[in-house]
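Coordinate-derived values only; no laboratory data. It should be emphasised that the depicted structure is a prediction, and the values quoted were computed from it without experimental measurement. Cβ: placed from backbone, ideal geometry, glycine included. Neighbour counts: every protein chain shown.
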Amino acid sequence: MYYCDSRLQYPVRVEKPNPVFAKMLQQAIGGVEGEIRVCLQYFFQAWGQRGPKKYREMLLQTATEEIGHIEMLATAVALNLEGAPVTLKDEMAKDGAVAAVLGGMNPRHFLPAGLAATPENSNGVPFNCSHVYASGNIAGDMLANATAEATGRTLACRLYEMTDDPGMKDMLAFLIARDTMHQQQWLAVIEELGGYKEQLPVPNSFPQSKENQEFSYVFMNSNVDGSINVNGRFTEGPSLDGKGTYTVMQNKPMGQEPVLASGPKEAHAQNEQMAGILGRVKAAVLSS
């Protein structure tokens, strides 16, 4: 069950409406870095959470906060659209290009929405949930959440630099601060669960004895001449989980050249594709 309040989580004010900035704000609503994404991500992670109850509650609380962020941004879009031109007559006399007429305004802010926000990104692409990650693995989800907050904070910082409106800067400064906390929050769960030494690799429930451990902590160098120019923390020294040592090996083909049998005749490949394929397959099998 969820409750609501008619008041915003944080004040939203616009001193000088800017339809172009309203279009940019759509990315923070419906972009892959936006608030709809993290809101749904945290909700679905919470609803499927198995294990300590506090993590389910934490996710629910943060997901509910994100609803408030969507509301703030939608309000900001609407306020930036107040006073936007709803007639093209005068501008069309100057320039027949509709894009120039609207001066960068998103037509969908007026045509289907009546000067309001829409659940889409800044290019008008509707949000489709393809970037909502809820794996049922607490460590994997926390790492995904930290990444989501990192890209969201980057977006909010860029939006902050795009506006001179004091009200918009104030709202974005609040959202940036919440992204700071949420990044720390998700990574704090990893630490609370024992840190990287306990949680890596994800999932830690699969016995590493069953993986091919020859390649567990090896960086594969793909330079043709064998030179190594990427030495770093990930190429030498103890691994983050303390279970191995990073090394470097030259990447080379270790598998066979693929040989595919012919497809069914109903697939209607060309005759030339079918000729001799079965013979090559047979030869490859006999030589192995």
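Given Cα pairs under 8 Å that are at least 6 residues apart, what percent is the relative contact order of segment 128-210? Walk me through the numbers before you get to the answer.
Values: 51 pairs, mean separation 30.0, N = 83.
With pairs under 8 Å counted, the relative contact order is 36 percent.
Shape verdict for segment 1-88, please, from the Cα gyration tensor: rounded (a/c under 1.5), prolate (a/b greater than b/c) or oblate.
Judged from the Cα gyration tensor, segment 1-88 comes out prolate (a/c at least 1.5, a/b above b/c).
For a quick protection proxy, order the peptides 183-192, 128-137 by their average other-Cβ count within 10 Å, most packed first.
Descending packing order for the listed peptides: 183-192, 128-137.
How charged is the neighbourhood of Glu198? Take every other residue with its Cβ under 11 Å from the Cβ of Glu198, and add Lys/Arg as +1 and Asp/Glu as -1.
It works out to a net charge of -1.
Name the helices (complete DSSP H segments) of the chain with a Cα length along the long axis of 24 Å or more and a Kyte-Doolittle mean of at least 0.0, or state none.
Numbers: long enough: 53-81 (43 Å, 0.10); 138-162 (36 Å, 0.23); 166-192 (39 Å, -0.04).
Length and hydropathy pass: 53-81, 138-162.
State the volume of the convex hull built on the alpha-carbon positions of segment 208-250, expressed per residue in Å³ and rounded to an integer.
60 Å³
Which longest run of the chain has no exposed loop site in it, a site being trypsin sites (Lys or Arg not before Pro) in a DSSP loop with at most 11 other beta carbons within 10 Å, and the site itself not part of the run?
51-232
I need the Debye-formula profile for the chain: one equal scatterer per C-alpha, no solvent, reported as log10 I(q)/I(0) at q = 0.08, 0.11, 0.15 1/Å, two decimals.
Each listed q corresponds, in turn, to -0.59, -0.87, -1.09.
Quick one: Karplus J couplings for segment 205-221, per residue in order, coefficients 6.51, -1.76, 1.60, θ = phi - 60°, nearest Hz, x for Gly and Pro?
Values per residue, Gly and Pro as x: 8, 8, x, 5, 5, 8, 8, 6, 5, 4, 10, 5, 10, 10, 8, 8, 8 Hz.
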